[in-house]
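Student: Pasting a structure here, questions to come.
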């Protein structure tokens, strides 16, 4: 009977030791993966900084967040597929939505037309763009304007 208890005690001690080793190895693997992820993030930081300081990022940020355009570019606002746009003569649409008539409206009316009005197409001129975001010697647009 004493031999049975001794065997049972040794088996239990071995099983708990193996389980602790398994848990320890899994935690070590988790920490190794975390270290590798942090090292990758640290190695990526110089590239991110270089991109954030580039002219391409500044131009993209000015367009997406500040709603600015380069000289000569056009802003096209297209209605969604669920909106119905009345087809009419192009002359009437361009008369109603001339750049001055759109840009001189209050901000709330511009948003109302953006969400509920017809399609807007506005060509900007350098007078409509603040000079602090664009250098004066760069007058060519980044991409070919879309003719619509």
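Conditions (1) exposed (fewer than 10 other Cβ atoms within 10 Å of the Cβ); (2) within 30 Å of residue 116 (Cβ to Cβ); (3) at pLDDT 95 or above, marked per residue:
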| position | (1), (2), (3) |
| --- | --- |
| 35 | no, no, yes |
| 49 | no, no, no |
| 68 | no, yes, no |
| 85 | no, yes, no |
| 94 | no, yes, no |
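Student: Answer with yes or no whether residue 62 is under 30 Å from residue 116 (Cα atoms) and either surrounded by 10 or more Cβ atoms within 10 Å (Cβ to Cβ) or touching a strand residue (DSSP E or B) at 6+ places or on another chain (Cβ under 8 Å) (or both). Steps first, answer last, please.
Tutor: On the way: under 30 Å from residue 116 (Cα atoms): yes; either surrounded by 10 or more Cβ atoms within 10 Å (Cβ to Cβ) or touching a strand residue (DSSP E or B) at 6+ places or on another chain (Cβ under 8 Å) (or both): yes.
In short, yes.
The values are calculated or read from the model by the stated rules, or taken from the named source; none is laboratory data. Predicted model, so just to flag it, every value in this text is computed and none were measured. Note that each Cβ is placed from the backbone with ideal geometry, even for glycine, and that neighbours are counted across all protein chains shown.
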